[in-house]
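For reference, the structure discussed in these notes is given below.
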Amino acid sequence: MIEFTVIYQIFAIIAILSVISIINSKKRQIMKFCIPFFHDYNPISIERYNKYYYNSLGEKIIEWRGVYVTYKCNNCGKIIIKDYKKVGDITLENFKTKKGK
């Protein structure tokens, strides 16, 4: 009689684990999942900026020009902002080949 209860417990554990795995697979289909550090980033916006400072005569001098590029992951939607300093003519197409890390 003891052997049957052990077998039933094993089957019950297997059934519970299979239900949990089915629920997790459905969640992954609904919520897109990314492995950390392996996101698929694409640039979505660029914001230009100039960094200024003033010399001893009070003249405004441009220290550098740069851009903030906003990247968004195609899979999970994570957004990061990268700062590129000392860049020239900037368009969104220039950053299509660069991937955010």
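Bear in mind that the values in this text are calculations on the coordinates, not laboratory data. Every value quoted in this text rests on a predicted model; they were computed, and no experiment measured them. A quick note on method: Cβ atoms are made from the backbone with ideal geometry, for glycine too, and the neighbour counts reach across all protein chains shown.
Observations on the model:
- Packing here is the average count of other Cβ atoms within 10 Å per residue, and on that basis the peptides 9-18, 55-64, 68-77, highest first, run 68-77, 9-18, 55-64.
- Sequence-distant residues sharing a close amide H with ASN75 (under 5 Å, placed H): ASP40
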